[in-house]
Amino acid sequence: MLKYPDAYIRYLVHFHGDRDYFECHEILEEYWKELGKPQDPVWVGLIQLAVALYHQRRGNFAGGIKMMASAIRNLENTSASVRQLGLDDQKLLDLLRQRLAELEQNQPYTSLNLPFSDEELLLACSDLCRQSGVSFGQPSDESNRFLLHKHTLRDRSGVISERLNSLKSKHRQP
């Protein structure tokens, strides 16, 4: 049995399988909030990494630069936490610094694989990708419009309804 949170494993499967960085962000942000937004910035750094790649793939280099720089700052200060998550912290930071330089030169997106240090985690994520019908480490499908523009194309009716109900209940209170 793996010693990692389910949300983190799902993040890794999306990150390396279907390359749905928006979903990566959603999964880890929800998990981080459930934890009570802990001070350990490793979760925030991983969320920001996914958002940076989402921006880069869409050609939003300014957003990508901002998020990647923040991800690097957060992950630089959490080397032990990164290692505990089965990743090679030094290789990860080197990859992210290289990607930041590419973003600053407005270079187009290319898929990025995180450097695993835990072989069992890597194999588990690879197996889960295969079970989902995708190949671990495959390049991003840049022709998939929904994948590229998910934040504008997803169904938000549940979120909107929840916000309206919250507003209504606030107005009813004395």
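Magnitude of the Cβ-charge dipole of the stretch 1-92, K/R +1 and D/E -1, about the Cα centre, nearest 20 debye? Please list the in-between numbers first.
Values: 11 positive and 12 negative charges, 56 e Å.
Dipole magnitude for the stretch 1-92 comes out near 260 debye.
In square nanometres, what is one fourth of the surface area of the convex hull spanned by the alpha carbons of the stretch 1-160?
Working: hull surface 38.1 nm².
That works out to 9.5 nm², a quarter of the Cα hull's surface.
Could you tell me what percent of the accessible area of the stretch 72-133 is made up of carbon and sulfur, with a 1.4 Å probe and every protein chain present?
Values: 1490 of 3410 Å².
About 44 percent, which is the carbon plus sulfur part of the accessible surface.
Please compute the modelled spin-label separation between GLU30 and ASN113, points set 7 Å along Cα→Cβ, answer in nm with one decimal.
2.8
Under a crude label model (7 Å from the Cα following the beta-carbon direction), how far is ARG130 from ARG97 in nanometres?
Result for the modelled spin labels: 3.6 nm.
Where the only charges are on Cβ atoms (+1 Lys, Arg; -1 Asp, Glu), what is the dipole of the stretch 83-141 about its Cα centre, to the nearest 20 debye? Kindly include the intermediate steps, with their values, before the conclusion.
Details: 5 positive and 10 negative charges, 21 e Å.
My answer is approximately 100 debye.
Determine ³J(HN,Hα), in whole Hz, for all residues of the stretch 36-51 in sequence, where each value follows from phi through the Karplus function 6.51 cos²θ - 1.76 cosθ + 1.60 and θ = phi - 60°; x replaces Gly and Pro.
Calculated HN-Hα couplings, in order: x, 6, x, 5, 4, x, 4, 5, 4, x, 5, 4, 5, 4, 4, 5 Hz.
The values are calculated or read from the model by the stated rules, or taken from the named source; none is laboratory data. Given the structure is predicted, the values throughout are model-derived calculations rather than measurements. Note: ideal-geometry Cβ built from the backbone for every residue, glycine included; neighbour counts use all protein chains shown. Heavy atoms of the whole protein, side chains included, go into the accessibility calculation; ligands, DNA and RNA do not. Shrake-Rupley method; radii C 1.70, N 1.55, O 1.52, S 1.80 Å.
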